[in-house]
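Asks: Pasting a structure here, questions to come.
The values are calculated or read from the model by the stated rules, or taken from the named source; none is laboratory data. What you are looking at is a predicted structure, and each value in this text was computed from that prediction instead of being measured. Backbone-built Cβ (ideal geometry, glycine too); neighbour counts: all protein chains shown. The area values use the complete protein model at the heavy-atom level, side chains included, leaving out ligands, DNA and RNA. Shrake-Rupley method; radii C 1.70, N 1.55, O 1.52, S 1.80 Å.
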Amino acid sequence: MVTPLVIPSRQFLRRDFEIGFPAYLRGEWTHGGWWYYYLYACAVREPIGILVLWLLAAGVLLRARLSADTCLLIAGGPLALLAVISIHDSININYRYVIPAVMMAYLMTGLCFQEEIPRVLRWLAICCVASVAVSSLRVFPHNETYFNELAGGPGAGHFHLGADHMAATQDLPFLRRWLRDHPDVQIDACLPLFLPVLEEERRSRVTSLPIGPTGPPAWYARDPGPRPGTYLVTADTQYSPDASYAYLQFVSPRWQVTPTIWIYVLTEEDCRSILEQMRIGPAVPSCMRAPRLTPP
C-alpha cells in the first residue's frame, strides 16, 4: 500500500509559526518548543539502518575531499531545511514538518553504494537496507506509529513524542476486532474518540474518564478520579497537557490492543495505591513497564 506524502502548505506553515502550539517531549509540556526537537524526532522515528547510512554517507562525503560547492550541493539542502524549521521552535508538534529534509537526506545514502568506497562499507550499507526492511515489516500494519528499537518501538512512542505521532485512528478496526473477541469485557469509561466504535459494538454504558487530582480543580470537583473500572484510552492519555489523567502513569495497562490503544482495569486497591503514590512523588512512566497481555 502506497501512503501519500503530505507536505504542509506555506499558508499553514506561516500560521503555525506565528501562533505557536503547546509542545511535548519526553513527559514535558511547554508552549513553544526545543531547538533540538526535530533532531530527537529523527533519532527515534527513523530506522536504525537509516541512521547508520546517514553516518556512512557523511563519512564518505568528508573523505572524498570534494569542493565546498559540491558538498553544499549534496548536503546543504536537508541541513538548511532542518535548521530553518528548528529555529522556529513554535511548531514542535509533528515530524511531518521535516519530511522534505528527510527525503533529501535519503538521497544522500546513495553515496554509500559507490564502487570507490571499500567493499566492507558497501556490504554494511546493504545490511542497513535489509535491517530497514525487517524493522518496517516488524511493526506492520501499524507503520504510522513506527519508532525504532533504540526508542523502545511503537509501544513507547507516546512517551517520546506524544499524540501527534501516534495516529490512534488507524487502529480503530483492530479495536473493533478486539471487542468482538472479548465480549465479556465491559468498558466503563473511554475517550470520545472511541465512542462511535463502542456504539457500533453495542457497548453503550460508557462514561467519560474521571479527572485526577492533578487536573483542573473545577473538573476534578465535578468528576473526581481515579475510580474503579475499565478504561479505554490512547497510550498518550497519561501525558495530557492539563495532567487530568496523570494517575494512569502509576499503573500498567491490563491489555495493549495496539501500540496506541490501551485498556486499564482499576480496582479499589489500585485507586487507593495511586492516590497514595501521587501524594509521595512523581510517577514512573508506565511505558517502561510491560503490559499484561493475558486474556480476561
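Asks: Assess whether SER204 counts as being without any contact (Cβ under 8 Å) to a residue 12 or more places away in the chain and closer than 30 Å to CYS271 by Cβ. Spell out the reasoning first.
Replies: Values: without any contact (Cβ under 8 Å) to a residue 12 or more places away in the chain: yes; closer than 30 Å to CYS271 by Cβ: yes.
Yes: the conditions hold for SER204.
Asks: Before we move on, is TRP219 open to solvent by 60 Å² or more (accessible area, probe 1.4 Å), hydrophobic (A, V, I, L, M, F, W, C), touching a strand residue (DSSP E or B) at 6+ places or on another chain (Cβ under 8 Å) and farther than 22 Å from ARG26 by Cβ? Spell out the reasoning first.
Replies: Working: open to solvent by 60 Å² or more (accessible area, probe 1.4 Å): yes; hydrophobic (A, V, I, L, M, F, W, C): yes; touching a strand residue (DSSP E or B) at 6+ places or on another chain (Cβ under 8 Å): yes; farther than 22 Å from ARG26 by Cβ: yes.
For TRP219, the condition - open to solvent by 60 Å² or more (accessible area, probe 1.4 Å), hydrophobic (A, V, I, L, M, F, W, C), touching a strand residue (DSSP E or B) at 6+ places or on another chain (Cβ under 8 Å) and farther than 22 Å from ARG26 by Cβ - is met.
Asks: For HIS142, indicate whether it is open to solvent by less than 20 Å² (accessible area, probe 1.4 Å) and under 13 Å from the mean Cα position of the chain (by Cα). Walk me through it before giving the result.
Replies: Values: open to solvent by less than 20 Å² (accessible area, probe 1.4 Å): no; under 13 Å from the mean Cα position of the chain (by Cα): yes.
No, not satisfied.
Asks: Still on this structure: Among residues belonging to the stretch 186-206 that are more than 24 Å from the chain's Cα centre (by Cα) and open to solvent by 70 Å² or more (accessible area, probe 1.4 Å), point out the one that is nearest to PHE250 (Cα to Cα).
Replies: Of the stretch 186-206, the ones more than 24 Å from the chain's Cα centre (by Cα) are 186-188, 198-206.
Pick out the ones that are also open to solvent by 70 Å² or more (accessible area, probe 1.4 Å) and you get 199-200, 202, 204-205.
On the way: GLU199: 29, GLU200: 31, ARG202: 31, SER204: 28, ARG205: 26 Å.
Going through the qualifying residues, I end up with ARG205.
Asks: Kindly evaluate TYR95 against the criterion of being modelled with pLDDT under 90 and either among the polar types (S, T, N, Q) or crowded, with 20+ Cβ neighbours inside 10 Å (or both). Write out each step before concluding.
Replies: Numbers: modelled with pLDDT under 90: yes; either among the polar types (S, T, N, Q) or crowded, with 20+ Cβ neighbours inside 10 Å (or both): no.
For TYR95, the condition - modelled with pLDDT under 90 and either among the polar types (S, T, N, Q) or crowded, with 20+ Cβ neighbours inside 10 Å (or both) - is not met.
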